[in-house]
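Coordinate-derived values only; no laboratory data. Just so it is clear, the structure is predicted and the values come from calculations on it, not from any experiment. Here the Cβ positions follow ideal geometry from the backbone for every residue, glycine too, while neighbour counts run over all protein chains shown.
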Amino acid sequence: MSTPRSYLDCNATTCIDPEVLEVYTSLLKEVWGNPSSTHREGQRAKSFIVEAKDRIKKALNAPPHYDVLFFSSATEAINTLLKGVVSSTIREKKLVNSLKSFLTTEMEHAAVYETVKCFERTWANFNVKYLPPNLYGAPSLQDVERAVENELQSQCSLLGASFMAVNNETGVITDELPRIASLLQSLRIPLIVDGVALLGKAPIDFYDGISALIFSGHKIHAPKGIGFALVDKRLRFDPLIVGGPQESGKRAGTENPPLAGALAFAVEKTSLQLSSDLDYMRSLQQKFEERLISELTADVCVINGEGKRVPSTSNIAFLGVDGEDLLFNLDLKGVSASHGSACSSGALEPSRVLLKMGYSHERASSSLRFSISRLTTEEEIEKALKEIVALVKAIRKKT
Ligand code: PLP
């Protein structure tokens, strides 16, 4: 019999919660109508979509002026909202030839980072302003104030901003976000928040100034293939996917009631248990980090990101160790973690986020991310601790 693995890569994806799977499979059998059809099967399917949205809003305590929109992933939601806000503003305010800009950070997930890069390729006179996260791991209010002032002084129309609520690589919380949102609101600049690494990892607050908040199902033990956004009804944006009238014309394509129902159940479960799950994950994180530091020493094992972190993510530099080597050997020993991102040759590049935070290439190359969820077990943590300590000692001895 093979020994159980330790899966510490929950920020990449999570397994489906058995209860969510049960809801999903029964809905797959029972609710197969097309929600746009007017007959009974269609209307039944439609009622599941409407109900799923209501349940999600309720579970997340969203104010009434937010709508839930479903997408195939958070990436699609991000593309739709960012591109849609920019194109509709340029068209409506006739800004094709004027100076335009968009504000974001160097630490965003590729879904945002690559989307905003498109603006400079697509539109003339467009400048994307990237704020640095610094060693803290999140932008400061002062950085945002300075950037906004500069853009406005240079007669530039700032069309929008996108900030992540929690960084998926370091787990650092953008704790100035409420004040950033309020500043942007006072200037009528729409703010799109990537909340993928926030859901299930910290309480969610709908403070003033958030135009849209985006999440992904597969990070909270729901199936893949569904992302969703809570969007302020007043936000104007062009749809990315056009076709039928689904989602009030904001995202065409036949809706998926079983996925929506499974997602709603997963969001409800995540929200209901949040407080006890956070305590549980915090105890695992504390044990994991303290044991690594005590067994490997603080000269070898250092946590990346000085800001306040969610309890699910530990990004750790093992000084003097090649992260790719460690990751590969951990996988052989039955421990899954992650490191940087694959470049075109398939080799792993050190994390852009860690480099932009100001860590050296060497430190970023020696860093791994360990991410847990409410379903991670004590046994998985114990196994990971045993294998990491043994491998780091062995690799350091060789070099
Ligand atoms: N934003 C963050 C912070 C993420 O971690 C991810 C996925 O890793 C995404 C966006 C994209 O989510 P999806 O896989 O649903 O497209």
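See the values below:
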quantity	calculated
Over 27 Å (Cα to Cα) - which of LYS46/LYS94; LYS83/LYS308; LYS57/LYS250; LYS57/LYS356 fall in this group	LYS46/LYS94; LYS83/LYS308; LYS57/LYS356
Estimated FRET transfer efficiency (GLN43, CYS15; beta-carbon r; R0 25 Å; 0.05)	0.15
Virtual paramagnetic centre 7 Å along Cα→Cβ of GLU290, amide N under 15 Å, in region 373-397	382
Rg in Å to one decimal, and Dmax rounded to a whole Å, for region 1-71 via C-alpha atoms	17.0, 54
Protection proxy ranking, peptides 26-36, 169-179, average beta carbon neighbours within 10 Å, highest first	169-179, 26-36
Shape call, region 109-194: gyration tensor on alpha carbons, a/c limit 1.5	oblate
Point-charge dipole on Cβ atoms (K/R +1, D/E -1) for region 236-283, about Cα centre, debye to 20	120
Under 14 Å from the Cα of LYS269 - aspartates and glutamates, other chains or at least 8 residues apart	ASP17, GLU19, GLU22, ASP277
Cβ crowding within 10 Å averaged over residues, with 291-298, 55-62 ranked highest first	55-62, 291-298
Scattering curve values for region 79-135, log₁₀ I(q)/I(0), Debye with Cα scatterers, q = 0.18 Å⁻¹	-0.60
Gained length - GLU382 relative to GLU349, 0.36 nm times residue gap less alpha-carbon distance	9.0 nm
Efficiency of FRET from Cβ geometry, SER360 and LEU152, R₀ 45 Å, rounded to 0.05	0.80
Cα gyration tensor shape of region 1-126, rounded if a/c is under 1.5, else prolate or oblate by comparing a/b with b/c	oblate
When the convex hull of its Cα atoms is projected in every direction, mean area for the chain (nm²)	21.1
Rg over Rh, two decimals, region 36-78 (C-alpha only, Kirkwood Rh)	1.06
Kyte-Doolittle at least -0.5, axis length at least 15 Å by Cα - qualifying DSSP helices, the chain	18-30, 74-92, 110-122, 257-272, 378-398
